[in-house]
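Here's the structure we're looking at; comments come further down.
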Amino acid sequence: MAFTPTEHQQELINRINALKKEKDAIVLCHNYQRPEVYEVADYIGDSLALCQEAAGINARLIVFSGVYFMAESAALLNPHSTVLVPDRQAGCALSDMITAKALHEWKKDYPDAAVVCYVNSTAAVKAESDICCTSRNAVDIARALPHKQLLFVPDKNLAAFVAKQLPEKEIIPWQGYCPIHERLSPEYLLKAKEMHPNAEIIAHPECTPEVQAVADHVVSTSGMMKVARESSATEFICTTECGMIQRLKKELPHKSFFTVCSVCFDMKKNTLEKILSSLENEEFVVEVPEEVRPGAQLAFDRMFDLMAATDDEDRARRARKSFGVSSE
Ligand code: 13P
Ligand code: SF4
């Protein structure tokens, strides 16, 4: 069923859209946001798509409706725009599971390893890492790295997913996890499958290996959209944060979606009221600490270079060189 805003919501949507024009602002929105928030978004996507979008924006203001590490990444990738968050308290429990100091100490035990850092982390942790990745490109990044041994932080479940695809690598995980995805169980999924035997199961790689094992597809949030759009199946059981189901139903109304999900209350802290207030008062400004900016930027640059490496040999060479590995 398509989402219809209430009269009050529509009024807020109209005011936000008018202010966006007046103030030269763009609203970026993660897939897990509230359905009424989608209505003011200029772009909705997964972490990777939002990073790519943020880097190319030419606007005075970017309002980031997601969680803090995402807005911090946008501020890092686009130093020309001012990045605002509607709620400063919208954090990510997974990103809080590692500190730069702890990583600095841990990596001393593995001098030959490259540190691969999931984008769900602070800029300070990224600066202690060799390269960044997202749920969409983690396997490709790990595969393309010249190192055999990889320290993977902070998500042990995404690390397990990567390790399963790449037995030739030695992946050593940090023991962090997303509490929202960790509580999703394979038993509920299998019950849902009994009720909808023709449905394909789609899981996020932050789910446990037990959940990943019963899924037909393990993909990022935008990957879920792609799978559901391109598959010949018409029914899907989607296991991730609950907001994703609204997004799938909105984009693909001719298909059926069932969900085994849990709510990320941080993602839901962003409301239309707070987005309006953020635009009116031009707050809360996201600042990337200057001392970590170059290191975090390098982790992102290497990610983008390795991503392009498959079809651009110059970038591939540059990426390998930046790890001290020459291909000549
Ligand atoms: P995606 O990059 O797949 O959107 O994941 C971000 C996230 O926080 C999932 O919990
Ligand atoms: Fe972080 Fe989990 Fe919320 Fe995603 S769902 S933002 S990983 S706490």
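Every number in this text was worked out from the coordinates using simple rules, so none of it is lab data. Just so we're clear, the structure is a prediction, and the values are computed from it rather than from any experiment. We place every Cβ from the backbone using ideal geometry, glycine too, and count neighbours over all the protein chains shown.
Of the residues L77, L94, which single one is touching a strand residue (DSSP E or B) at 6+ places or on another chain (Cβ under 8 Å), touching a residue at least 40 places away in the same chain (Cβ under 8 Å) and buried (at least 19 other Cβ atoms within 10 Å of the Cβ)?
From the options L77, L94, the qualifying one is L94.
Looking across segment 138-169, just one residue is polar (S, T, N, Q), away from ligand 2 (no atom under 16 Å from the Cβ) and closer than 19 Å to C207 by Cα, and that is Q165. Starting from residues that are within 15 Å of C238 (Cβ to Cβ) and part of a strand (DSSP E or B), keep the ones in segment 162-214 and report whichever is nearest to the chain's Cα centre (by Cα). By that ranking, first place goes to A203. Looking at segment 245-259 only, could you name the residues that are aliphatic (A, V, I, L, M) and assigned to a loop (DSSP other than H, G, I, E, B)? Correct list: L252 only. Out of the residues in segment 133-161 that are within 12 Å of ligand 1 (Cβ to nearest atom) and part of a strand (DSSP E or B), state the one that is farthest from D305 (Cα to Cα). Checked segment 133-161; the qualifying residue farthest from D305 (Cα to Cα) is D155.
The numbered conditions (1) surrounded by fewer than 21 Cβ atoms within 10 Å (Cβ to Cβ); (2) among the hydrophobic types (A, V, I, L, M, F, W, C); (3) within 16 Å of ligand 1 (Cβ to nearest atom); (4) part of a helix (DSSP H, G or I) are all true for C51 except (1). Taking segment 215-244 as the range and being more than 12 Å from ligand 1 (Cβ to nearest atom), among the acidic types (D, E) and not in a loop (DSSP other than H, G, I, E, B) as the test, the residues that pass are E230, E235. When the residues of segment 170-212 are filtered to those that are over 24 Å from G91 (Cβ atoms) and among the acidic types (D, E), which remaining residue is nearest to ligand 2 (Cβ to nearest atom)? It comes out as E210. Looking across segment 55-74, just one residue is surrounded by 18 or more Cβ atoms within 10 Å (Cβ to Cβ) and charged (D, E, K, R), and that is E72.
Mind telling me which of the residues S277, S262, S256 ends up being within 16 Å of ligand 2 (Cβ to nearest atom) and of a type in the set (S, T, Y)?
On the way: S277 fails: within 16 Å of ligand 2 (Cβ to nearest atom); S256 fails: within 16 Å of ligand 2 (Cβ to nearest atom).
Being within 16 Å of ligand 2 (Cβ to nearest atom) and of a type in the set (S, T, Y) holds for just one of S277, S262, S256, which is S262.
Pick from S95, S129: which is of a type in the set (S, T, Y) and farther than 23 Å from S278 by Cβ? Can you show your working first?
Numbers: S95 fails: farther than 23 Å from S278 by Cβ.
None of the other options fit; the residue is S129.
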